[in-house]
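The next block holds one structure in the form of structure tokens; read it before the comments.
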């Protein structure tokens, strides 16, 4: 079958007219549909397929979008791919559990550190590590003034209150185990949760079933991810840092830093273009992957300063700057250096853009999927 005869359905695509629903998942859905079209394939939203009585050869969507249609699709014999933007154990795990044994259900996980635990807990599930992509028509360079020295975009949770709550509600032994994992993860941020658990299994005989794994993973993950974000921002006291996210940031921001409020996904393109440096931190639950922020900022030719994640270094090399993610001891010096060396910063941003444009667009992701489909 030639590509022009293939029909691909994308869950959640073509809903961007509803501004309040246009977050990253909506943008991903539109971007992937466009990527398939650029590869010469007939791509439609799933709703279009239903309305026009089209029978797609493959259906794919992010997270649990339009999950009410999955059973019908799977029963028809067509493959349905769930692309997990977060870790498969972070959210929507109930759908993975429900469909793991279906021969035509496939999971794309957004971090390679999920591969081994998926293999253990869902041995019949077909899955692969596939990072998300970027839409170069949305994320692009704009001729605007760079009036923000350092930009960070992301939510923050009250990890201190969460720890206190868990101490009150968790059985003492479980809380002690969680604290041990939490401590190891803080000291060794390059390790994934799975790797930390493997260390404890080897040395103290820790063996977790899936319910225990999810309970500890989600609680530890929230506290680690948000403590790291706060520590990073506090380490930059004295710099012109603008923070976009939820209002809880007001609790943690040091004097002199400005909280800028929430930012719609589309508006964030303009904000990233205004920044000289965009901070990127790999969330604990996605260790070893490539953060979406790096794809987006580099597509806009804005320089990225990232925590020292090996997977990012392998993908982007010296086109991205890196800081120590254990104690942030060098982040001030790194920010000061790149703010003072504009030509070098811009050269690195251009190199990162080239890497993104040549390897990480939605067209690249669609083409990789189609190659697998064609072999099948």
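Some points to look at:
- 14 Å cut-off, amide nitrogen to a point 7 angstrom out along residue 342 Cα→Cβ, residues in the range 274-312: 275-277
- Entry for the range 246-376 at q = 0.14, 0.16 Å⁻¹: log10 I(q)/I(0) = -0.72, -0.91, Debye formula applied to identical alpha-carbon scatterers, no solvent contribution.
- For the pair residue 149 and residue 373, a Förster radius of 51 Å applied to the C-beta separation gives a FRET efficiency near 0.65, rounded to the nearest 0.05.
- The helix-based estimate of mean residue ellipticity at 222 nm for the chain, built from -39,500 (n - 2.57) per DSSP H run of four or more residues and divided by its residue count, is -14000 deg cm²/dmol to the nearest 500.
- When peptides 324-336, 291-303 are ranked by their average number of other Cβ atoms within 10 Å per residue, the highest-first order is 291-303, 324-336.
- Cβ crowding within 10 Å, taken as a proxy for footprinting-reagent exposure, orders 260, 223 from fewest neighbours to most as 260, 223.
- P(r) tail fraction, the range 148-359 - alpha-carbon pairs more than 30 Å apart, %: 26 percent
- Spacing of the modelled spin labels on residue 161 and residue 187, each 7 Å from Cα toward Cβ, amounts to 3.1 nm.
- Compared with the direct C-alpha span, the chain from residue 246 to residue 266 gains 5.5 nm at full extension, assuming 0.36 nm per residue.
- Placing dummy labels 7 Å off each Cα toward the beta-carbon, the span from residue 15 to residue 359 is 3.3 nm.
FYI, it's all coordinate maths here, none of it is from the lab. If you're wondering where the values come from, they're calculated on a predicted model, not measured in any experiment. Positions of Cβ are generated from backbone atoms using ideal geometry, with glycine treated the same way; all protein chains shown enter the neighbour counts.
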